[in-house]
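Engineer: Have a look at this one.
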Amino acid sequence: MDCESIKQMEALLEQADEPLQRSFQNMHQGFKENNLERFLRAREGNVVKANKMLVDSLNWRVSNDIDDILSKPIEPKELYDEIRESQLVGMSGFDKQGRPVFAIGVGHSGYDRAPLDKYVQSHIQINEYRDRVVLPAASRQLGRYVGSCLKILDMTGLKLSALNRIKILTVISTIDDLNYPEKTDAYYIVNAPYVFTACWKAVKPLLQERTKKKIKVLQGSGREELLKVMDASVIPEFCRPSKESRGKTTPIEPSTSCFSSSHPFHIELWSYIKQRALESQSRKCGPAPTLSFHVKVPDKASEESSEVVQIIESTLEHLNLDEDGSVSGNGSTSGSNHGSSHHGTDDEASSKARE
């Protein structure tokens, strides 16, 4: 990115109020120029638009107390565990470039065991833990800046009932678009069913070119493609061959699933938040207050997100699909190639599958 543009961003930021500047320090974690560059990339190098996006994001952080979100555990612990079981996300390791790899179980995430604001809080906590703990640690270990991640989206189990989750997914997506730009280098779609194929073909033309280049729809579990960018040990369990024992599939141990609250990543995340909460409490020198948190969700989705949602709803309404997302017996034959290869082109997308 143009160094002059970054200098202009720095000069504009110096005019911001002190609370915004403090929040920016917490955001960049010592990598000031790299973070300014993120916002510039998100606004195609336009300094004025990038500065507005950054200032809006900093105002959001200050007004919603985002800088303290990692000291506000979701309690009781049973509620946190319920969220982990219905908002499937985890970190499986690092790719060959040192970027963290996050897995998201889109198809099996029900978002139905807790209030919406708790799912939003959990999502932001993972974002902040990634940005304040995981990425800085990776940067120190490698001796160079690591500021982004990869995401693998598992579409196993995606059904038409997923429409009921569009609201919360749109809220989360909008928060990321506006406040965590350019944090994900690639989205790998795996185990995709036909319902995803139809929606992807309709939605893809609406996306910005920068976004389209990041989305890679892989064939089946995508294991062979993923091995090009990460070691086998990092690939999430839903992309690995099933272990067979006497003709039966061996179930995955809960602790080996990166989605589980007993996985090392989630144990470390929970311990970190609890420790920060204790430190915050001790500084206040008083009885432990009831820790509550509520983020003001965006009043409306971004223009692009709104259009995408409308297209998805319209597409599904016109598809003759069963509840599981497959083509019904008297429906279109366009879903007959469910298992065909798919690596990102429109034709491939239409022969693939899922989200």
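Engineer: Name all residues of segment 22-62 having a backbone nitrogen under 14 Å from the label point set 7 Å from the Cα of residue 213 along its Cα→Cβ direction, giving them as ranges.
Structural biologist: The answer is 41-45, whose backbone nitrogens lie closer than 14 Å to the label point.
Engineer: Take the residue pairs 72/167; 204/296; 159/204; 7/204; 118/167; 167/201 and return only those whose Cα atoms are more than 26 Å apart.
Structural biologist: Numbers: 72/167 24 Å; 204/296 29 Å; 159/204 20 Å; 7/204 35 Å; 118/167 14 Å; 167/201 21 Å.
Over 26 Å Cα-Cα: 204/296; 7/204.
Engineer: Compute and list, largest first, the equivalent-ellipsoid semi-axes of segment 54-160 from the alpha carbon gyration tensor, each √(5λ) rounded to a whole angstrom.
Structural biologist: On the way: eigenvalues 119, 85, 33 Å².
Here the semi-axes work out to 24, 21, 13 Å.
Engineer: Let me ask something else about it. Work out from phi, with θ = phi - 60° and the Karplus expression 6.51 cos²θ - 1.76 cosθ + 1.60, the ³J(HN,Hα) of each residue of segment 95-106, listed in order in whole Hz, and give x for Gly and Pro.
Structural biologist: Once rounded to whole Hz, the list reads 7, 5, 9, x, 7, x, 10, 10, 10, 10, x, 4.
Engineer: Which distance in nm do the two modelled labels at residue 240 and residue 46 give, with both placed 7 Å along the Cα-to-Cβ direction?
Structural biologist: Between residue 240 and residue 46, the simple spin-label model gives 4.6 nm.
Engineer: Working from the pairwise distances between different alpha carbons, so that the mean of 1/r is found and then inverted, what is segment 3-63's Kirkwood radius in Å?
Structural biologist: Details: mean 1/r = 0.0886 Å⁻¹.
It works out to 11.3 Å.
Engineer: Using a simple charge model, +1 on the beta-carbon of Lys and Arg, -1 on the beta-carbon of Asp and Glu, nothing else, what dipole does segment 3-63 show about its Cα centre, in debye to the nearest 20?
Structural biologist: Working: 9 positive and 9 negative charges, 42 e Å.
In debye, rounded to 20, segment 3-63 gives about 200.
Engineer: Specify which residue in the list 107, 171, 148 is farthest towards the positive end of the charge dipole of segment 84-194, using unit charges on the beta carbon of Lys, Arg (+1) and Asp, Glu (-1), about the Cα centre.
Structural biologist: Positive-end residue among those listed: 148.
Engineer: Rg to Rh ratio, segment 74-231, alpha-carbon atoms and Kirkwood radius? Don't jump to the answer; show the numbers that get you there.
Structural biologist: Values: Rg = 15.9 Å, Rh = 16.7 Å.
Value, to two decimals: 0.95.
Engineer: Now for a separate question. How long, wide and thick is segment 1-129, going by the Cα atoms along their three principal axes, in whole angstroms, largest first?
Structural biologist: 49, 36, 23
Engineer: Which residues' amide hydrogens lie under 5 Å from the amide hydrogen of residue 258, considering only partners 5 or more residues apart or on another chain, with H built in the peptide plane?
Structural biologist: Correct list: 237.
Only the coordinates and a few stated rules stand behind these numbers; no lab work does. Everything quoted here is computed from the prediction, not taken from an experiment. Neighbour counts run over all protein chains shown; Cβ positions are idealised from the backbone, glycine included.
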